[in-house]
Structures are given as structure tokens and as C-alpha cells.
Amino acid sequence: MSDVLERSPPWYEESGEGFANSEVVAIEEALSRAQWIVKTNDVITSTVRPIRRLSALIEPEQNNYICSSGFAVLKPTKIEPEVLLVYLRSPIVCEILDLHTTASMYPAISTEDLLNIPITLPKESTRQKITEKVRASRKAREQSKQLLEIAKTGVERAIETDEAAATTWMNQQLEALGITLTTTT
């Protein structure tokens, strides 16, 4: 894997879904393990219990955030970050990584061992399809969060003011997102 990646210092928390959870805290409140700076399109992967498939892609809004030393921060150089993310989250790769862990109470793989795991790159067309699907999935997730927020705010407005005003506001928000509701009878 070392010929595909440039080594960098190891982030803070991964959601289990390929997304890094992040939160702004005062420096004095940061965990002592928060030691590394991550950049957009870095891929982080847990070095502790790699069988749990905790890898994530760093989003643009997380650029220059601080990351826990419990993660390896990988800077893809000859592979798309989305492809690396899918590779690191695949069950067979996680099992291979788990085979290289040391200790039983706190099983971890060293960054050096992680970088020595072989990787076979799929052909360009396959990598492009993977990248497109991961990007579409991430975009859909973001849109679903926006829709949920519109629905929650709409319900609050309906309770506080009236249903008609809330419906009008919700429709305006949906229109701003380019979403048209269709009704079926």
C-alpha cells in the first residue's frame, strides 16, 4: 500500500458509516490524543480494532481539523480517496488488518504495518464508477439531512403559527433545493 499512499501523521472520531464526526472544542478541552491535522480528501482509518471498519473521508469543512492518534491519516496519491475508503471498509481487508494487530486488550495495527498491506488497484473505469457512487451517496446523505431539518422546522412552525404558513415555508425551502413534491392519489 505504501506505493499508493504518502505517509502522514495519524483523527478523532468516525461515525461507522464512512463519515468523520467532528466538533469544535476549545483547545484546553481537546483530548490528549487529538494530535494530528487532517486535510480535505485525507482518508482516516482506525488503527485500533480495525475489524470494526472505522474509516472515513475528510470533508472540505473538516480541513485543518485535529485528529486522534488512534487513527492513521492517509493521503491518497495514486488512488482516488473514495476508492481507498471503500477498500479500507471492505470486510476482507478489515480481517487482513485485524490479523496484523498486536495485543489482546487493545488490539492495534501499526501505521507501518498498515502501509505494508498490499493493494491491487482496479482498472480506471471501475475506480471511476466507485468514485461516482460514493460521491452520489455522500450527496444523498447531505440532502437527507437538509430535508429532515426542513421537516422538523416545518412541524415546529405549524405548531407555533399555523399549518398553512408552515407548508408555504417548507415548499419554499424545497424549491430552493430544487425538489418538487408530487402527490399520488
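When the residues of the range 89-105 are narrowed to those that are of a type in the set (S, T, N, Q) and under 23 Å from Val73 (Cβ atoms), which ends up modelled with the highest pLDDT?
Ser90
Give the residues of the range 72-81 that are out of contact with any Pro (no Cβ under 7 Å at 6 or more places or on another chain) and crowded, with 23+ Cβ neighbours inside 10 Å, sorted by residue number. Before the answer, list the steps.
We begin by selecting, within the range 72-81, every residue out of contact with any Pro (no Cβ under 7 Å at 6 or more places or on another chain); these are 74-81.
Correct list: Leu74 only.
Are any residues in the range 106-142 hydroxyl-bearing (Ser, Thr, Tyr), modelled with pLDDT of 90 or more and surrounded by 12 or more Cβ atoms within 10 Å (Cβ to Cβ), and if so, which ones?
Once the filter is applied, which keeps residues that are hydroxyl-bearing (Ser, Thr, Tyr), modelled with pLDDT of 90 or more and surrounded by 12 or more Cβ atoms within 10 Å (Cβ to Cβ), the range 106-142 yields Thr131, Ser137.
The values are calculated or read from the model by the stated rules, or taken from the named source; none is laboratory data. Keep in mind that what you see is a predicted model, and the values were worked out from it rather than measured. Note that we place each Cβ from the backbone using ideal geometry, even for glycine, and neighbour counts take in every protein chain shown.
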